[in-house]
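Values in this text are rule-based calculations from the coordinates and carry no lab data. None of these values were measured; they are calculated from a predicted model. Counting neighbours? That spans all protein chains shown, and the Cβs are built from the backbone with ideal geometry, glycine included.
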Amino acid sequence: MKTETSQVKVTIVRVPVPRSHPRFELLMVRERMVEGLAKGLVVPEGLISHGRGECFDYLIGEKTEVFALKAIRAAAASLLLAGKPVISVNGNLAALCAHELVELSKATGALLEVNLFYRSRLREQAVASALRAAGASRILGVNASKRIPQLKGFRSLVDAKGIFEADLVLLGIEDGDRVEALRRAGKKVIVIDLNPLSRSAFKASITIIDNVVRALPKLRLEVEKLRGASKQRLHREASSYDNGKILAEALNHIRNRLGTLASNLASGRS
Ligand code: PTJ
């Protein structure tokens, strides 16, 4: 594989952040991203994506809202119904929630596949090591040789035993082009993305508009709740989901929230 790689030297400055800081959790998540960059998991572009995600999280209110819970329910049912589910892991996901991804994989039987937009042998190994350290025993996607049809370049590479033959793929913090290509290849695609305006959100079968750090633990709990449910119930949960309606709910939520904040400010009530 021919890719150009240049090393970025990262200087991490650690200052103690008091627990009482109003944005303590967010600052801790940022630290995980910076550590991920230093370890070679995250690419610099991943930090830009993260910043965009933070901005949408701000607009949503940094809480898992009802539209996300509905998508989580449909996603859990779909994962339990799938014949060959695969969890796609990129650098940002590995840095933020390797442990939760491994737990979800164990709970659902979904395979874990390293799947990188900015692919290099070094990064494949770094992401695989992070998953192994989080408890994964089988990791696909290293030395991947198959391609997602109609997608050019390294970003089309997938594992023959993983995404290539999967009937369902779960992705988070993902590029819209790849989501679209996976749908065209006939797969059910679940996306976790804070941006309800992204192409990933529009093209996915199910979009969980939430932060991956909040959504993944909730998705695993939902899988546990639905585990004993009948196939009929699972089919009902999965098929009653309407992605367009959920995206509309997310956009209306942001609009109403901003409307309320603006009127409060205008009337001096903020
Ligand atoms: O590790 P690689 O090489 O596979 O590269 C990964 C990145 C993230 C660089 C690549 O997939 C990319 O460029 O993604 P995009 O096109 O920037 O899309 C990422 C989407 O995820 C954006 O819509 C962000 O709003 C959203 N996002 C960012 N952080 C989070 C998030 N969604 C949920 N939770 C987050 N923490």
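Brief remarks on what is shown
- Size of electric dipole in the chain: Cβ of Lys, Arg +1 and of Asp, Glu -1, about Cα centre, debye, nearest 20: 340 debye
- The stretch 1-45: trypsin sites (Lys or Arg not before Pro) in DSSP loop, at most 14 other beta carbons within 10 Å: Lys2, Lys9, Arg14, Arg19, Arg23
- Here the stretch 118-270 yields Rg over Rh of 1.05, to two decimals, using C-alpha coordinates and the Kirkwood radius.
- Label zone of Leu47 (point 7 Å out along Cα→Cβ, amide N under 12 Å): in the stretch 7-24 this covers 8-13.
- Rel. contact order, % - alpha carbon contacts under 8 angstrom, at least six apart, the stretch 113-185: 31 percent
- Antiparallel bridges, percent of DSSP beta bridges restricted to the chain (to nearest 5): 10 percent
- Computed [θ] at 222 nm, deg cm²/dmol, the chain (DSSP H ≥ 4; -39,500 (n - 2.57); rounded to nearest 500): -17000 deg cm²/dmol
- A DSSP coil position with no more than 13 other Cβ atoms inside 10 Å describes the following trypsin sites (Lys or Arg not before Pro) in the stretch 53-145: Lys63, Arg138.
- Mean projected area in nm² (Cα convex hull; one quarter of hull surface) for the stretch 191-248: 4.1 nm²
- Proximity of backbone amide H atoms, modeled 1.01 Å from N, is registered between Leu168 and Lys84, Val86, Lys188 at under 5 Å, excluding neighbours fewer than 5 places apart on the same chain.
- Here the 3J(HN,Hα) profile of the stretch 83-95, calculated from phi with Karplus coefficients 6.51, -1.76 and 1.60 at θ = phi - 60°, is x, 9, x, 10, 9, 8, 10, 9, x, 4, 5, 5, 5 Hz, Gly and Pro shown as x.
- Coordinate range of the alpha-carbon atoms in the chain per principal axis, descending: 60, 54, 34 Å.
- A Förster radius of 35 Å combined with the Cβ-Cβ distance from Ala133 to Arg233 puts the calculated FRET efficiency at roughly 0.45.
- What the phi angles of the stretch 175-182 give under the Karplus curve with 6.51, -1.76 and 1.60, with θ = phi - 60°, is a coupling list of 6, x, 4, 6, 4, 4, 5, 5 Hz, glycine and proline written as x.
- Under 5 Å between amide hydrogens, built in the peptide plane, is the criterion, and for Arg147 it picks out Val158 among residues at least 5 positions away or on other chains.
- For the stretch 36-50, the Karplus equation 6.51 cos²θ - 1.76 cosθ + 1.60, evaluated at θ = phi - 60°, returns couplings of x, 5, 4, 7, x, 7, 9, 8, x, 4, x, 5, 5, 4, 4 Hz by residue, with Gly and Pro reported as x.
- Which listed pairs, of Lys187/Lys225; Lys146/Lys203; Lys39/Lys218; Lys70/Lys152, have C-alpha distances above 31 Å, in listed order: Lys70/Lys152
- Taking amide H as placed 1.01 Å from N in the peptide plane, the amide H of Leu112 sits under 5 Å from that of Ile87, Leu140, each at least 5 places away or on another chain.
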